[in-house]
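One structure is given below, encoded as structure tokens.
The values are calculated or read from the model by the stated rules, or taken from the named source; none is laboratory data. Small disclaimer: the values here were computed from a predicted structure and weren't measured. As a convention, Cβ positions derive from the backbone with ideal geometry for all residues, glycine included, and neighbour counts pool all protein chains shown.
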Ligand code: 5GP
């Protein structure tokens, strides 16, 4: 994990604090420090460093699927399965990716605005 010299690598290694709300063998989920919705949780791989979605390989498919299913499980656990929620993965500059350890955003808890409009 030494190659993961990102803020999320430090969270995985418990070198800096985070509010962890989900954990299994492969995935860690923790609250975003600057929430964009009433519920904003980030799901990241614990044991594999992938910088961006563009760096993911075919062999990473199961792990990326696990991120998505972890978000769905957490959303169900918190009771958002009926009202709904959004998952987003930003890739590089135009999407505004700021942390280069792949992560899935889960946004929930209120009607969400539309997205994808060029700024
Ligand atoms: P990105 O913009 O790369 O898709 O998302 C990175 C997210 O990480 C942002 O929403 C940002 O608020 C969050 N973030 C950045 N630094 C920290 C931190 O130290 N702790 C936590 N919990 N979230 C962070």
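One residue stands out among those in region 8-21 that are crowded, with 18+ Cβ neighbours inside 10 Å and free of Cβ contacts under 8 Å to residues at least 60 places away in the same chain: the one that is nearest to the ligand (Cβ to nearest atom), which is 18.
Considering every residue within region 57-73, establish whether at least one is more than 21 Å from residue 115 (Cβ to Cβ) and in contact with a helix residue (DSSP H, G or I) (Cβ under 9 Å, 6 or more places away or on another chain). The answer is no, given that none of the residues of region 57-73 is more than 21 Å from residue 115 (Cβ to Cβ) and in contact with a helix residue (DSSP H, G or I) (Cβ under 9 Å, 6 or more places away or on another chain).
The combined condition, being near the ligand (Cβ under 9 Å from one of its atoms) and at pLDDT 95 or above, is not fulfilled by residue 106. Within region 78-98, residues that are within 13 Å of residue 53 (Cα to Cα) reach partners that are part of a strand (DSSP E or B) and within 8 Å of the ligand (Cβ to nearest atom) with beta carbons closer than 7 Å, at six or more positions or on different chains, in the pairs 88/105.
Filter region 82-98 for residues that are crowded, with 16+ Cβ neighbours inside 10 Å and near the ligand (Cβ under 9 Å from one of its atoms); which is nearest to residue 65 (Cα to Cα)? Across region 82-98, the extreme among qualifying residues is 89. Of the residues that sit in region 35-74 and are part of a loop (DSSP other than H, G, I, E, B) and in contact with a strand residue (DSSP E or B) (Cβ under 8 Å, 6 or more places away or on another chain), which one is surrounded by the fewest Cβ atoms within 10 Å (Cβ to Cβ)? Selected residue: 38. Just give me the residues in region 75-119 being in a loop (DSSP other than H, G, I, E, B) and under 17 Å from residue 33 (Cα atoms), in sequence order. Correct list: 89, 90, 96, 97, 98, 99, 100, 101, 102, 103, 109.
Looking only at region 28-54, residues that are within 14 Å of the ligand (Cβ to nearest atom), more than 12 Å from residue 105 (Cα to Cα) and touching a residue at least 40 places away in the same chain (Cβ under 8 Å) come to 4 in all.
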